[in-house]
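What follows is a short report on a single structure.
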2 protein chains.
Amino acid sequence: MKQFWVLFLIINFLINVPAALADEGMWTYDNLPLSQWKQRYNFEPTKEWIDKVRLASVKIVGSSGGFVSPNGLIVTNHHVASSIIAQLSTKERDLMKTGFYARTQGEELKAQDAEATVLISYENMTERVHGAVKSGASNAEAAGQRSVVIAAAEKDSSQKTGLKCEVISMYSGGEYWLYCFKRYTDIRLVMAPEEQAAFFGGDFDNFTFPRHDLDFTFLRAYENGKPARTPNYFKWSETGPKENEFVVATGFPGSTARLMTVAQLAYAREHGNPLLRQVWETRRKALEDYSKLGAEQFRQASPGMRSFANALKRLTGQQDGLLNPRMFAKKEAEEKELREKLAQKPELQKLYAPAWENIAKAYTELPAMSKRLSFSSIGSSRLVSIASQIVNYHIETAKPNERRYPEYRDSRLDAFRTSVLSPAPIYVEMEGAALTAWLEEAVKVLGANDPFVRAALGDANASEVARRAVHETKLIDPAARKGLIEGPADAIAKSTDPMIMLARRVEPVLRELRAWNERHISDVEAANGTKIAQARFAAYGRSIPPDANSNLRISYGSVKGYEEDTTLVPFKTTFFGLYDRALSFDEASPYNLASSLKTRRDKIDLSTPLNFVYTADTIGGNSGSPVINRNAELVGLNFDSNLQKLSNRYWYIDENEGSRAVAVHSAGILEALRKVYDAGDLANELTGK
Amino acid sequence: MKQFWVLFLIINFLINVPAALADEGMWTYDNLPLSQWKQRYNFEPTKEWIDKVRLASVKIVGSSGGFVSPNGLIVTNHHVASSIIAQLSTKERDLMKTGFYARTQGEELKAQDAEATVLISYENMTERVHGAVKSGASNAEAAGQRSVVIAAAEKDSSQKTGLKCEVISMYSGGEYWLYCFKRYTDIRLVMAPEEQAAFFGGDFDNFTFPRHDLDFTFLRAYENGKPARTPNYFKWSETGPKENEFVVATGFPGSTARLMTVAQLAYAREHGNPLLRQVWETRRKALEDYSKLGAEQFRQASPGMRSFANALKRLTGQQDGLLNPRMFAKKEAEEKELREKLAQKPELQKLYAPAWENIAKAYTELPAMSKRLSFSSIGSSRLVSIASQIVNYHIETAKPNERRYPEYRDSRLDAFRTSVLSPAPIYVEMEGAALTAWLEEAVKVLGANDPFVRAALGDANASEVARRAVHETKLIDPAARKGLIEGPADAIAKSTDPMIMLARRVEPVLRELRAWNERHISDVEAANGTKIAQARFAAYGRSIPPDANSNLRISYGSVKGYEEDTTLVPFKTTFFGLYDRALSFDEASPYNLASSLKTRRDKIDLSTPLNFVYTADTIGGNSGSPVINRNAELVGLNFDSNLQKLSNRYWYIDENEGSRAVAVHSAGILEALRKVYDAGDLANELTGK
């Protein structure tokens, strides 16, 4: 069957519907696909609709969420909020296992380092940033000249508005935008189901459909000790979407690479992705080994293991896409088409054509450096990462604002402090195990004479260095970190804290590598990526949205099942399906039922929809995105994609190939709140009753 | 994901477990895989076990079933019994739609032409048949010499035992067996669910898993107006199988082609299967067009449409298998290995080696004839088929027994009469539509000057010929057929019945083609197939069972889920899953619920298992096979295979590739009988309560 089907898909693909007809794109709010909406869905939002949706969209723990009441209530995925929930858990009180519901606002639990942001304003800075680059500047000089105007704009507007303002590069520097965000730093846990209800089916069912997951959590933003007033919020739909209904997902897709050149994609395929796999596998394996030591160790390691398993499964799908000759050929054809269009206009040709070769040439240098760039890193332990940030803080803040690493510019220092001073629990034994495994792998990959390895280990071995560093450091105490940040710079140089010493030793090597990468790769990409973007604008205008970069986007599509093999996959699942899948496996893990679902089975209307699929163009980071209808009512909560969609980092995959986003159904969440979790008050807050 | 996965499967396949470890084979009862059972499942059946299972296995409507009470009660699939159920239906009383349950034996409905048979005895005839061939005989002479001894043995043993005795060729003539069957010709309908409950999900879900079908029907064999006494029957298991439990399927697999030569398989791939598709598509399309004329026409055409849809889906899977280079290469390697083994023994080499070339050479002649062989046929209408059988009956019975076409030998005439004299309803308009469409396609494919087309149509067009034949024939009346069979042979020659005239006109063409095929293909295959079989015996003994040929076989394996894409498919489904799938599609057809399932939902224990998968080697014809445990208790009723298994006509597909047979669960059937169909008495007859 498969072969006929694949052939059908290929033919179908070659005679594909024109781009304008596909539900393609993660669009910025300044450039919404209004004509597609009107043409295909007869939908014409007002300016009020657009503003309201933007202001109700919340970035939370690096992913997405939305306000769902006027009192700061935020909905997101359980797997997005799980770091918050895990941090609020202890050996004795494991909220991941038991779930949580605050019956009163007084019972809501304050997260230890969560931050929620909302995009308040945006402004096109492209001319100012491009204008700052002097004619004849080298790539590195141009980067420096851009930094000056960017850092100044960020600082000025942050001071003026009291918001967190950042200049965002879009289209590899083809555009620059000043985005200003409101930050909420007092975030409290309101309600979370058991992880087993939220992540039923585990890594097996992740990235598949049909799904049966209550992957939601409710948080609340507070200001000045009171629930934040959030007049812009999504009304909760009690019925959810109908089949074929138009829907929009608003959220923060993390990263796509659709506008990369063929040379960049080929590098990802041959070197980048395999190395990334090795890095993640090393870190996943360290956690897994640690988790086997006991139940408490398992609890500590679980969120990390889940996160790496998820990332690895997604990476496999992405790499499969790059390895698929038909898919890759499409990218080559796209690039060829653009370059041929360019060739028709000699003046553009002269200006932009060399950009592809320049990038390709830069990338020829990368393979020789890529192992050093990947494995010379201290990201495997939170303590060493804190130490490294403190060391860098003092180095960078000694410089003028515009000369710093961007993450240490004045406009970003509030976020830096929130992160480094978080009182979230750190598990010393787990840190030691992760750091040891990481350093051992670095020795294996880079060799004992590598500069990073020499700096990190000296004459000791990995486990000695790691053990000493994690056990003897004072950084476990946020007050100690605060002292080092607020103290004099030379206290760092003199510190005998073994973790600070480790960070200090490796820092010169890391800086040298970062500089190499900027000079040889990033600056070349910025200069030439800008040219390619301008060539693309000349050919296609702004009809192609920029690659996702963790900023607010809108995707759209319709709620729709699909064909798979010879049969049909329905557009939704029901609670019946959850019990079927659990009992079909005789409840063998990960198909065991959370205890509340077990005891409340007879109370639930099992025909209530649980999850559904829709055609919008989403990617990692869209987890927790509100899925809304044309009345801006929340009908679902995005939490996953299916396998057919996994390689969409590199290209849009048409809905006819079965590519779908997966959401929790709004009616399923209400049913669970009311019948499973006795959270009627919360349900009433959502429905305004 | 797919690519990594496929690669894994390929690697997995190349380092496959040795043949002896796979659950391979449809075994004859004279050569059961006892050592495999003992070694892999620690199962050593007694002779009593084996005899009882054989005598409880029933061939019904060309497929499989089993006795499930001492009073002649037979269980089979709804889709096997559907021809019986449809024949007992009328426009006013559509049992396919409503289902049926006879609350008393008096209400059981007698089928119009059903026959059930049981294999009572078998005897090896190989030496006698081979011994009958005189040294130096040509292929055609050898065929004639074999016919003499075969026809005599069939006639003698039929007369001696009162059973229906047939000589069966196994291994392309490598072995001959005399099989004697008890025939039951009074078969009554006891209970059938609605077709919508039996075939929920329709052609989409056919050949997939998870499934949710109540695909069962109960019949009863009568003798002398009373329920037959059937002391050998399967006890009904109230609990069904556990995961990983050893099970056996006993039934009548129709046809495999695993021992074909590469030349024969290449012909199937290049010519045979595409032509078969065209033939079936033509016939399916004719029924579909007819079904659109109205509800009653739809009712009449439904069983035929379903049957062709099923056959076409299976054929697609088989052809995909042949088109798969990895699969086909395995056949080439198998053949090469056998021929290399042969080459090591010069005496065998001389005797057997030319067989492959002889068959390959014969097949080079086939493509030029294949369209004529495929489209010179009158199988599209039941009336014209009856007419043709009557015409042939007189031609053949005028000859000595051993010279006749095998189907007109004395030993087969009882079955011939049952079939031709069946009072089952014939829908004249549907016959006309089917015959017209068929003849029109024949003209298109063969051309107006083709001998068959000229004989069939003369100067008229297809629809005139068809209309006159179906409307003016007297053959609609079984008494008229009886008169022609029992009347003198020259009544046929003189008949002016337009259907008899049509059959008479085309008969010489059909005979000429049949003779060509025997001389150029079948006789060559028989002579050389026998040699290849003997070569295979010399190399491997009887460790490879013969190809399936609609005779009784045992398959075995274990009840087991499998991996698909990145996730797990459970070994069973529950009633929860049925309701989930229906409601997930908002009950859009073919996912609408049968009305009884709708009204009885709250009465059912929804956690009851409904369908399950197991690893046994089965194929079309195994529909309705009892799936039994080591105590010979019926734990399930085979009704389907999944897509992964579809190409197993040509090769065994290992369970690690996800290949599975699908069965209705014995507990699910009991739950449906008791809670959905108020058939408690029938349930009690099964459980002996």
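The values are calculated or read from the model by the stated rules, or taken from the named source; none is laboratory data. Note that the structure is predicted; figures quoted are calculated from it, not measured. With ideal geometry, Cβ positions are generated from the backbone for all residues, glycine too; neighbour counts draw on all protein chains shown. The area values use the complete protein model at the heavy-atom level, side chains included, leaving out ligands, DNA and RNA. Shrake-Rupley method; radii C 1.70, N 1.55, O 1.52, S 1.80 Å.
For segment A:439-591, what ratio Rg/Rh do Cα atoms give with a Kirkwood hydrodynamic radius?
Reported Rg/Rh, Kirkwood definition of Rh: 1.18.
Given a 1.4 Å probe and every protein chain left where it sits, what share in percent of the accessible area of segment B:181-275 is carbon and sulfur?
Taking all protein chains in place, segment B:181-275 shows 48 percent carbon and sulfur surface.
Here the relative contact order of chain A, from alpha carbon pairs under 8 Å that lie six or more residues apart, stands at 25 percent. Using the Cβ-Cβ distance between A:Lys160 and A:Asn124 with R0 set to 25 Å, the FRET efficiency from 1/(1 + (r/R0)^6) comes to roughly 0.90. Once divided by 2.2 N^0.38 Å, the Cα radius of gyration of segment B:296-354 becomes 2.05. Applying a DSSP loop filter and a limit of 10 other Cβ atoms within 10 Å to the GluC sites (Glu not before Pro) in segment B:85-128 leaves B:Glu92. Mean per-residue shielding of peptide A:658-669 is 0, counting Cβ atoms of other chains within 10 Å of each Cβ. Note on B:Thr599/B:Tyr405: beta-carbon distance plugged into 1/(1 + (r/R0)^6) with R0 of 56 Å gives a FRET efficiency of 0.60.
For a protection proxy built on the mean count of beta-carbon atoms within 10 angstrom, sort A:207-215, A:412-420 highest first, please.
Ranked by mean Cβ neighbours within 10 Å, highest first: A:207-215, A:412-420.
Using a 1.4 angstrom probe on protein heavy atoms only, the contact between A and B buries about 3500 square angstrom of accessible area, both sides summed. Packing, taken as the mean count of other beta carbons within 10 Å per residue, orders the peptides A:400-410, A:331-341, A:228-238, B:63-73 from highest to lowest as B:63-73, A:228-238, A:400-410, A:331-341. For segment B:55-150, the convex hull spanned by the alpha carbon atoms encloses 155 Å³ per residue.
Per residue of B:607-613, other chain Cβ atoms within 10 Å of the residue Cβ number 2 on average.
Summarising the label geometry, the points placed 7 Å from Cα in the beta-carbon direction at B:Ala460 and B:Lys110 lie 3.6 nm from one another. Go through B:Lys59/B:Lys675; A:Lys59/A:Lys645; B:Lys336/B:Lys531 and tell me which ones have a Cα-Cα distance over 20 Å in this structure. In this structure, B:Lys59/B:Lys675; A:Lys59/A:Lys645 lie more than 20 Å apart at Cα.
Residues whose amide H falls under 5 Å from that of B:Ile74, counting only those 5 or more places apart or on a different chain, are B:Val68, B:Leu219, B:Arg220, B:Ala221, with hydrogens built in the peptide plane.
Ordered from longest to shortest, the equivalent ellipsoid semi-axes for segment A:148-200 are 35, 18, 6 Å, each the square root of 5 times a Cα gyration tensor eigenvalue.
Share of pairwise Cα-Cα distances greater than 28 Å in segment B:533-689 is 33 percent (whole percent). For A:Asp459, the point set 7 Å out from Cα toward Cβ sits 11.6 nm from its twins in the other copies, listed from shortest up. A straight chain from A:Asp586 to A:Thr687 at 0.36 nm per residue would run longer than the Cα-Cα distance by 32.7 nm. Here the spin labels are modelled as points 7 Å beyond Cα on the Cα-Cβ line, and at A:Arg519 and A:Val428 they lie 4.2 nm apart.
Restricting attention to segment B:132-222, lysine pairs at least eight places apart or on different chains and with alpha-carbon atoms under 22 angstrom apart total 4. For a modelled paramagnetic label at B:Glu238, 7 Å from Cα along Cα-to-Cβ, the residues of segment B:646-668 in reach, with backbone nitrogen under 15 Å, are B:666-668. Can you give the FRET efficiency to the nearest 0.05 for B:Glu365 and B:Ala152, using r as the Cβ-Cβ distance and R₀ = 30 Å? It comes to 0.40.
Starting from the Kirkwood radius over alpha-carbon pairs of segment B:174-290, derive D by Stokes-Einstein at 10 °C in a medium of 1.306 mPa s and give it in µm² s⁻¹. Reported coefficient: 80 µm²/s. Against the compact-protein benchmark of 2.2 N^0.38 Å, the Cα-based radius of gyration of segment B:100-148 scales to 2.31.
Take each residue of peptide B:193-205, count the partner chain Cβ atoms within 10 Å of its Cβ, and average: the result is 1.
Counting only DSSP H runs of at least 4 residues, each contributing -39500 (n - 2.57), and dividing by the residue count of chain A, the helix-based mean residue ellipticity at 222 nm comes to -14500 deg cm²/dmol.
Quick note on segment B:494-556: its Rg to Rh ratio, both from C-alpha atoms and Rh being the Kirkwood radius, is 1.27.
Kirkwood hydrodynamic radius for chain B: how many Å is it when counted over pairs of different Cα atoms?
The answer is 26.5 Å.
Modelled this way, with points 7 Å down the Cα-to-C-beta line, the labels at A:Asn42 and B:Glu141 are 8.3 nm from one another. Per the Debye formula on identical point scatterers at the alpha carbon atoms of the protein assembly as shown, with no solvent, log10 I(q)/I(0) at q = 0.06, 0.07, 0.08, 0.09 Å⁻¹ is -0.67, -0.86, -1.05, -1.22. The amide H of A:Ile168, built 1.01 Å from its N in the peptide plane, has A:Trp177, A:Leu178, A:Tyr179 as neighbours under 5 Å, considering only residues 5 or more places off or on other chains.
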